[in-house]
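Right, one structure below, let's go through it.
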Amino acid sequence: MRPTAAEIARTLVRGRLKGALRFTDGTSQTRLCHATDRVGRPMLLSARGNELAKRLRASALGEPPHVWLTVDDLPPIKGAPSLGRVRVSGSLRQVPKSETEEAVLDFAESNPVSQLFDVGKGVTLHRMELRGVSLRRTGTTELIDLAEYSGADPDPLHECERELLEDLADHHGEQLDRRLRRLLADAGVECAEAPRVARMDRYGFVVDLGDTGPSRWVRMEFPRAARSQHDLAHLMHPLLFHHHHHHGPE
């Protein structure tokens, strides 16, 4: 099993990666602090006096501005494949006072930043009412059903992916190399260079075989989805060091 487009979109737009906000007149804001609520609606913080706050205040008397929020994946290591670019669109409205406390808690769960302490005291919280979500990867753009997007969960490993890969390489490098070579050989996959785990998600990981063979990427999957970083340890041990495995070309 692999992450669905809806899961990837929820993961990328969660708030841990940089985003760009574009308005209908073509102007954009790139210095953003954003997150998502429990159903994936983007939320943005604007501080009194900054450009985003000025823009939103200028449109406060008219219709809520229609905006596009774009977030690009940032691969954890050089050369690793990208998850793509997610784009969400909708109307941006200030969160009502009666809903602010719950919205702040949602924001903190998604992206715990210190500015949340100042909401209502110079910092304003806006939320996007979604109209569309799309994911662009490997040269194609996929429109995502809004219900599927809202019902998907962000990947719990994405925010610590780099650290997990570094830990594997630093503390389990020899065991990992030996096990991967054996699994690849059993599958008839040639690997001239040392195999390297290049990406990891809740469902499995992608191995980089180098650019000398006919296929560079091979995916190996966990027997079930990882629920957390702690849960990942239980899945990695039997997959890498025993005999239960599943793999296929990426």
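The values are calculated or read from the model by the stated rules, or taken from the named source; none is laboratory data. In this text, all values refer to a predicted model and were calculated from it rather than measured experimentally. Please note: Cβ atoms are built from the backbone with ideal geometry, for glycine as well, and neighbour counts cover all protein chains shown. Note: areas computed on protein heavy atoms with side chains; ligands, DNA, RNA excluded. Shrake-Rupley method; radii C 1.70, N 1.55, O 1.52, S 1.80 Å.
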Review point. What tally of residues in region 59-89 results from selecting those that are on the phi < 0 side of the Ramachandran plot, small (Gly, Ala, Ser) and crowded, with 16+ Cβ neighbours inside 10 Å?
Key: 2
Exercise for review: Out of the residues in region 10-57 that are of a type in the set (A, V, I, L, M) and in a loop (DSSP other than H, G, I, E, B), state the one that is most open to solvent (accessible area, probe 1.4 Å).
Suggested key: VAL39
Review point. Which one of these is free of Cβ contacts under 8 Å to residues at least 60 places away in the same chain and within 21 Å of the chain's Cα centre (by Cα): LEU130, LEU165, LEU157, LEU146?
Key: LEU146
Check your understanding: Does any residue of region 60-80 turn out to be touching a Phe, Trp or Tyr at 6+ places or on another chain (Cβ under 7 Å) and closer than 21 Å to LEU32 by Cα?
Key -> yes
Review point. So MET1 clears everything in (1) more than 30 Å from PHE205 (Cα to Cα); (2) not in a strand (DSSP E or B) except one condition, right? Which one?
Key: (1)
Check your understanding: Quick check: is even one residue across region 92-103 buried (at least 19 other Cβ atoms within 10 Å of the Cβ), out of contact with any helix residue (DSSP H, G or I) (no Cβ under 9 Å at 6 or more places or on another chain) and closer than 20 Å to LEU12 by Cα?
Key -> yes
